[in-house]
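A.B. asks: Quick one: this structure, given as structure tokens, is what I'll be asking you about.
Quick note: the coordinates plus some simple rules give every number you see, no bench work behind them. Treat the numbers as computed from the prediction; the structure is a model and nothing was measured. So basically every Cβ, Gly included, is an ideal-geometry build from the backbone, and we count neighbours across all protein chains shown.
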Amino acid sequence: RGVSIYDIETGMAVHEIEQETPWGVQTMDWHPTQELLTCSYAQNVIGIWDTRNYELIDTIHTVSNNVRSVQWSPDGTHLVIGGWGIYTSVIEYPSKRLVSRFTSSGKERLAKWMPDGQSLVCEGENNTTLVLVDSNTGEAIGNPISPNIGNIWYFEPHPTKPWMAICGPTGNTVIWDIENSIALREFNDRSSYVGRVNWHPAKDLLIATG
């Protein structure tokens, strides 16, 4: 339940970060420009590790119980944190200043940065919609995204285009055009569900896994 870091060339684990709680690591994110790794734990704790020497250099305690998502902003100056509580929080780092805190209604409270570094996408009502949120104010932007695939299990903004990949328990993955509020494409991989999607950083290719 800790974290293993692998060398891609050799396939060997170069280091293992021990878990800090009995419930293990929930989610992780690399800092975009520094040798830092965030690990969120089932309790309301986030650890920040220096991967040059694998030392725990900082911890953040949140109001969200069971932190389920933590992600650095594209410029590495802020973190968005979501969990099994009623709040999603944006904090400045390393000052740990609270920038905004807002309620979210999704079960998992997943939250991700949009490529502009100013807005977020979060789970919406009953896990069937997504909501764009201003990261500085916590206010909703525009209308909810409604892909009509039932419960949303995961979502991933495109790194450069105003698209969102959204997947769920029906086996369908929808590519949503945010600017025009329409579904561009819908794929079905013939499995019972799709649990994760991820964009290629430079090409219009999408990984979907169930």
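A.B. asks: Taking amide H positions as placed in the peptide plane 1.01 Å from N, state which residues far from Ile141 in sequence (5 or more) or on other chains have amide H under 5 Å from it.
C.D. replies: Here the answer is Leu132, Val133, Asp134, since their amide H atoms fall under 5 Å of that of Ile141.
A.B. asks: With a cut-off of 8 Å between alpha carbons and a minimum separation of six or more residues, what is the relative contact order of the chain in percent?
C.D. replies: Once normalised by length, the contact order is 9 percent.
A.B. asks: Now for a separate question. Starting from the Cα-Cα distance between Glu179 and Met28, subtract it from 0.36 nm times their residue separation and give me the gain in nm to one decimal.
C.D. replies: 51.4 nm
A.B. asks: Please report how many Lys pairs in the chain have alpha carbons closer than 27 angstrom, counting only residues at least 8 apart along the chain or sitting on separate chains.
C.D. replies: 5
A.B. asks: Still on this structure: Where does each of 195-205, 168-178 land if you order them by average Cβ count within 10 Å, highest first?
C.D. replies: 168-178, 195-205
A.B. asks: Expressed as a rounded percentage, what relative contact order does segment 95-157 have, with Cα pairs under 8 Å and six or more residues apart?
C.D. replies: 28 percent
A.B. asks: Let me ask something else about it. Stretch Glu16-Asp204 to full length: gain in nm at 0.36 nm per residue minus the Cα-Cα span?
C.D. replies: Roughly 64.4 nm would be gained on extension.
A.B. asks: Points 7 angstrom from Cα along the Cβ direction at Leu98 and Phe187: gap in nanometres?
C.D. replies: In this crude label model, Leu98 to Phe187 measures out at 4.1 nm.
A.B. asks: I need the shape label for segment 23-151. Rule: rounded when a/c is under 1.5, else prolate if a/b > b/c, else oblate, with a, b, c from the alpha carbon gyration tensor.
C.D. replies: Cα axes put segment 23-151 in the prolate bin.
A.B. asks: Is segment 147-210 rounded, prolate or oblate when judged by the Cα gyration tensor, a ≥ b ≥ c being the square roots of its eigenvalues, rounded requiring a/c under 1.5 and prolate requiring a/b larger than b/c?
C.D. replies: In terms of gyration-tensor shape, oblate.
A.B. asks: Around Ser100, which amide H atoms from residues at least 5 apart in sequence, or from another chain, sit under 5 Å from its own amide H, with H modelled in the peptide plane?
C.D. replies: Amide H to amide H, under 5 Å and 5 or more residues apart or across chains, Ser100 pairs with Val90.
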